[in-house]
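Colleague: I'd like to ask you about the structure that follows.
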Amino acid sequence: MAYVSYSRQEGPSEADQWADLNWRIPRPDDPLPTSDTKMSAGAAWRAARSGMNAYRAYAESGNAAQLDAAIEAFRRASAGRAGDTPQFSHVNNLANALLDRFELRQKAGRATRTKDLDEALVCAQWAVWGRSGDSPDAARGLATLGRVQKQREASGVLPRRGPKLESVSLRLAAMPSAPLADRVAALRQISRSKPAFRTSFEAIVKTLPRTLAWIGPQGNRRQLARETTKAVDELIGLALYDNNTTRAVELFEASRGVLWDRVVGHSAPTVVRRKAAAVARRMDRAADCLNEHGGAAGLRHMAEPRRRGGQERRADARLRRRQVRQQKIWDTTSSRAHAVLREEAKRRDTGKPEATFLVPDYARDILPAAAEGPVVCVWRQDYRILAFVVQEGHDAPRSLELGHVWGFDEVMEKYLLAIDDVSSETREQTVRKTLEQFYPIFRQLPWYLFGQDYDPADDPRRVWWCPSGLLAMLPLHAVALFSQNVDTKAWLPGEQRGMGAVAWIPDETARRMMASSTCLLDVITSSYTPTVRSLVWAREARDAKATTAGVDESRSPNMLLVTADQESRLESLPGSAGVRKQIQKLIPPNRLSLLSGKLASVRQVLHAFDHHEAVHFDCHSFRDPRNPWRSGLVLYDRPLTVEDLVDRSADRLDFAYLAACATALTDEQLPDEMITLAATLHYTGCPHVIGTLTPSTDRSTARVTRNVYSGLISADGRVNSEECARLLHAATSAERTRLPDHPTAWSPFIHIGI
C-alpha cells in the first residue's frame, strides 16, 4: 500500500489563487495612510469631490500643484471612514494620484524618494481588498495595483512587496468587467507557459466584435478610439508571440475597415438594423451596458466618489447584475442576428452583408482573397517590419520578419514633409533616400512568395499589398536602389520567432535577382487593397456582373469625363489637356459623356455615376489632414468630398481614374482606415481605381495616363478595366526608364482593387 504524506504537499500557488475570481483577496497588513484629522462621511465625500476637481485640472494642464492638492484631498477623504473598510473610490483615486506624482518626479529626475510609491502600493492593496470577484470596481482596482507593481519593478529600487505583477495580471486578464485596453495590458504580463494565457486571450478576442464591429446608438460613427486600435495591435503581437499566425491575421483584418463599413452602410450592424430593427435595438442596449465601466468620465482608472460607501457598493453591484443579464441577451440576439445575415446573404448574389460582426475566419473570409495572387499584409511592431502572406496552396498564413527600420517615425516624418513641399529642392533627394532605405527590406519578397522557380526574367507577377499604419503612405511597389554604395547582399531573415527558420536565398538566385532588378517594379505588378475581404467582395460583384452582361442590353459600355478647365475658374494644364483630347479621340461620341465648366457640379457628377461604367477625373484635389472626410476633388460649384462619395453607390462603375494629386494618400491620424478618395470609390462598389499617393508633375501624370489609355481603350471604344493594373505597371515602368532618378515622376501611381 502506498502512503502519501499530505504534510509535504504544497498548496496552490499565489498566481493560481489570484486567477480564481471567487478567491477572497487577503486583508493588507500595512495600515492605510490617511490624514490625522478625522471627519464625517459627508465631509469626506466633499473632500473627495474636491480632489476629483483638482485631479481633472491637473490632467488638463499638467500643473503639479493641482496634483498635490488632489492627493491631500483624497488623503483627507480616506480618513472619513470608520473601521477597516475604507471607501473604494477614495483609496483607489489616492493610489493613482500618488503614482502619477512619483512618475512626474521621476521624469524630472527628482524621484529619489519612494514614499509616494510605498503609499500607492498600500492604497492599491486596500482598494483591491475592498472589491473582490468580477465587477467594474474590482477591475479598476486591479488595474491600479498592476500599474503600481509594474512601476515598482521598473524602478528597481524597492524589494518585492505585495502580490506579484503576474498574479494580478492573471486575474485582470480573465475579468470580463475590465476594459479592453486594461485586459490586453494585463495579458502582456502573463508568460505564455501559463495555460491561462490562451484562455484569457480567446476570452478577450470574443469581446472584440462588440467593441469593434458593433456600435451602439450613442457611439461616434466616424471615429475609432485610439486606445482600442492600440489594444488590437497589441493583441496581434501577442498572437505572434504565441505562434498563432492565423489568429494574428484574423485580428489584423478585424481591425481594418470597421469605420468604413459603418459609414458606407454595408456593415453587418446596418443590415441587422434594416432587416430586424427589434433585434438591433436589443443589441444596442446590451453593447452600451457591457461597454460601461462606471468610472469617472474621461479619467481612466479613477472611480467616481459617492456620498456613502454603501451607495458605491450598491451601484457597482447593480451595474454588474445588469451586465450579466445583458451578456445573456447579447448572446441570444447575436445568434438571431447571424440568422438574419445568412438569410440576407442567400437572397443577394453578392455584397458585403455576407460579412459578420465576428472576428473573420481565415479559411472562409480571408484565404479566398488570394485566388488570383498572393496578398501581403504589411504591419509594423516598434522598429520591426513584418509581413503576413496570404497565398493559395497554404492553409495557414505565413509570417515574415522583413527587417528593422531604426527611427521609423523620424524617417516617415521627413518623407511626409518632403512630398507635401513640391517646390523644395530637397524633395526628390528625400524621396530617393526613403525608397532606398526600404528597398533592402522588401526586395526578398518575390523569392519568398514564388519559391525556387522564381525567375526575375519572367513577366512581373501579380501581388496585392495591404499595408497598415504609416506604411500605407509609402509606395511599396516602387522601393528602389538608386546608388551602388548601399549594401546589396541578398538575405532573407528568419520568420517570426518560434515559427521556424527560412533558408537563405541561394547564391545563384540572389545574383540573378540583383543583376536584373533594382526596383520592385521590375519583378512585381502591384495592386493595393484597403482590406483583404474587400477583394473577395469585389470579385464576387465582378462575377455577378459578368453573368448579366449579355442580358441587359441597356448597359452599353460608356465613359464619363469630368474635367476642370478655364470655364470652371481653374488652371488648365497642358498635359491634362492632351489626355482629354486622347480620350475624346479613342472613345466614340455616343459612348463618352463630358462634364466640364458649369456642368461639372457635384450633383451632376454623382447622378452620372448611375449611367456610366468608367469615369476619368481631370481636376485638382486637396487633402484635409484634420478631417479626411472633407478631402475632395475641386469641381465647379464646390468640392466633391469623401462624404459625398460615401453617400452614393458606385456599383455601376467598373473603372475610375483620379488624375489628381494625393487621391490615395491616407490620413496620418487614422491610417489603418484608408480614408481616401480612391479607397472610397473602391469601398462603394468600383472594382478598379487608379489614384496617386503623392503630388506629381503635369507632364509625368500625362505620360503615364496616356500610356494607360492607349491599351485600356479598345478599337471600338470599350474600356477593358481588367487590364488596368498591368497597363499602369507598364506605364510607370516606362516613366521610370525615362526619369530613373526622379521617383516622384513614377512612384505615386497605384492601382486599388482587383
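The values are calculated or read from the model by the stated rules, or taken from the named source; none is laboratory data. What you see is a predicted model; the values in this text were computed from it and never measured. Please note: Cβ atoms are built from the backbone with ideal geometry, for glycine as well, and neighbour counts cover all protein chains shown.
Colleague: Say we look at region 570-585 and pick out the residues that are surrounded by 18 or more Cβ atoms within 10 Å (Cβ to Cβ) and of a type in the set (A, V, I, L, M); which of these is nearest to Arg718 (Cα to Cα)?
Modeller: Ranking the candidates gives Ile583 first.
Colleague: For region 689-739, enumerate the residues that are crowded, with 23+ Cβ neighbours inside 10 Å, part of a loop (DSSP other than H, G, I, E, B) and of a type in the set (A, V, I, L, M, F, W, C).
Modeller: Result: Leu693, single match.
Colleague: Here is a follow-up. Which of the residues spanning region 1-37 are surrounded by 11 or more Cβ atoms within 10 Å (Cβ to Cβ) and at pLDDT below 55?
Modeller: none
Colleague: Residues being farther than 16 Å from Leu21 by Cα and assigned to a helix (DSSP H, G or I): count how many of those fall in region 166-186.
Modeller: Residues that pass the stated criteria total 5.
Colleague: Right, here's the next one. In this structure, does Ala660 turn out to be within 24 Å of Val579 (Cα to Cα) and part of a loop (DSSP other than H, G, I, E, B)?
Modeller: Criteria met by Ala660.
Colleague: In region 628-684, which residues are of a type in the set (Ser, Thr, Tyr) and under 25 Å from Ser468 (Cα atoms)?
Modeller: If the condition is that a residue be of a type in the set (Ser, Thr, Tyr) and under 25 Å from Ser468 (Cα atoms), then Ser631, Thr641, Tyr657, Thr663, Thr666, Thr676, Thr680, Tyr683, Thr684 are the ones that fit.
Colleague: Now for a separate question. Within region 387-401, how many residues turn out to be in a strand (DSSP E or B) and buried (at least 22 other Cβ atoms within 10 Å of the Cβ)?
Modeller: 5
Colleague: Let me ask another. Scan region 21-63 for residues that are farther than 20 Å from Gln87 by Cα, touching a helix residue (DSSP H, G or I) at 6+ places or on another chain (Cβ under 6 Å) and in a helix (DSSP H, G or I) and jot them down.
Modeller: Ala57, Tyr58
Colleague: If Ala337 meets every condition in (1) within 25 Å of Ser132 (Cβ to Cβ); (2) modelled with pLDDT under 90 apart from one, which number is that one?
Modeller: (1)
Colleague: Look through Ala315, Ala303, Ala277, Ala287 and report the one residue that is surrounded by fewer than 19 Cβ atoms within 10 Å (Cβ to Cβ), within 30 Å of Gly146 (Cα to Cα), of a type in the set (Gly, Ala, Ser) and assigned by TED's automatic domain parsing to the domain that holds Ala120.
Modeller: Sole residue among the options that is surrounded by fewer than 19 Cβ atoms within 10 Å (Cβ to Cβ), within 30 Å of Gly146 (Cα to Cα), of a type in the set (Gly, Ala, Ser) and assigned by TED's automatic domain parsing to the domain that holds Ala120: Ala315.
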